[in-house]
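This report concerns only the one structure given below.
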Amino acid sequence: MRASGAALAGERIITAGRPLLRRRIGTVPRYANTMTDYYPLLSSVVAALDVNTAEVRRQLYDNARTGYPNYIGSLGRSLTDSEILRERTALEEVIRRLEAEQVGRLAGKAVISNQ
């Protein structure tokens, strides 16, 4: 049985950004007594999305959250609980910042189109 076009489109949305996120996670500087800067990584993936909707970005962020333990585990040393919490908080702050930027862009477009 073949999947419908809508089902295939849905699958593309679900996996949107995942390969790009995996490729770019390798370019994130490794932990060196400072927090990882997740903004360049995630903002570049968001900017490269073919379909940039709230749902696709949510799935991207969920993928980042899911991959986060693997990233922490690949750092080559054990992190303390407070370091892990600090990194997790940094990731969540970047996600909030990116979403605020997206909302600002949409609001700006709405103002321009209403003029």
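The values are calculated or read from the model by the stated rules, or taken from the named source; none is laboratory data. Only a predicted model underlies this, so the values are computations on that prediction, with no experimental measurement involved. Glycine also receives a Cβ, built like all others from the backbone with ideal geometry; neighbour counts cover every protein chain displayed.
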Filtered residues of the range 60-96 (kept if within 15 Å of Y39 (Cβ to Cβ) and under 10 Å from the mean Cα position of the chain (by Cα)) | L60, Y61, A64, L91, E92, V94, I95
Scanning the range 30-48 for residues that are surrounded by 15 or more Cβ atoms within 10 Å (Cβ to Cβ) and part of a loop (DSSP other than H, G, I, E, B), which turns out modelled with the lowest pLDDT?
-> Y31
